[in-house]
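Just so it is clear, none of the values below were taken in a lab; they were calculated from the coordinates. Because the structure is a prediction, the values reported are computed rather than measured. So basically every Cβ, Gly included, is an ideal-geometry build from the backbone, and we count neighbours across all protein chains shown.
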Amino acid sequence: MIKENSKDFLKNDSFDSEEFISLKLSGQKLISKSFYQCQFKSCDFTGGNLSDTLFSDCFFESANFSLTKIHQTKFQTVHFKDCKISGVNFSEVNTLLLKVRFEDCLISDCNFTALTLPETEFRNCRIHNCDFYQANLSGTDFTGSDLRDTIFEDTDLTKADFRNARNYAINPLTNKIKKARFSLPEAMVLLNAFEINLED
């Protein structure tokens, strides 16, 4: 177990089954390292650089990823819970075996353009001002999430689940939504693209 401000671990390149607690890594570089089955709790990666690093079967809880660089970072079966993820360009990740899960997270001003993320979980998240342009989100779970100012354009949302989601703006003419699931009354916004008037 590695706690708080211990930075000796930065000298190592590979970690297996470690638990990291309350590490303050703002502005730090964790480049080209490997983490296998590790847990990160209340760690701060604000402004840090995780480029070319591998996270395999890892769990992040209450972590801060504001403005964190993830160029060619590998997220292979990674779970984010109650994390703050702001200003992160996910379109730069290494897509080899890419598999992520988000639960109860604040995800804001992030870019997911052109990523292939089928059956990904974004459950009970606040996903604000994010970009999913040309992404493959088929079968993805957005249940209970707030999608304010988030862009879906030329996006594959086939069989995606938006039940109890809110504040989304999805144009069925420019996105694939076949067999997607929605809840009323929020689903009424899907009719906006058709410029029709509904009356009682």
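Considered as an equivalent ellipsoid built on the Cα gyration tensor, the range 137-187 has semi-axes of 15, 12, 10 Å, the largest given first.
Using the structure shown, list the pairs from Lys33/Lys159; Lys99/Lys176; Lys11/Lys74; Lys99/Lys159; Lys33/Lys84; Lys84/Lys176 with a Cα-Cα distance above 26 Å, or answer none. In this structure, Lys33/Lys159; Lys84/Lys176 exceed 26 Å between Cα atoms.
Given R0 = 35 Å, the distance between the Cβ atoms of Lys24 and Glu92 translates into a calculated FRET efficiency of 0.90.
For Tyr36, the shell of other residues with beta-carbons less than 14 Å away shows a net charge of -3, using +1 for Lys and Arg and -1 for Asp and Glu.
You can think of it this way: the chain between Ser34 and Arg181 has 49.1 nm of extra reach, that is 0.36 nm per residue less the Cα-Cα gap. Taking the three principal axes of the alpha carbon atoms in the chain, the coordinate ranges are 66, 27, 24 Å, sorted in descending order. With Cα atoms defining each centre, the range 9-60 and the range 148-164 are spaced 31 Å apart in the structure.
If you take all other residues with their beta carbon under 13 Å from the beta carbon of Asn164, and give Lys and Arg +1 and Asp and Glu -1, the sum is 0.
Once the mean 1/r over all distinct Cα pairs of the range 92-200 is inverted, what Kirkwood radius in angstroms do you read off? It works out to 14.0 Å.
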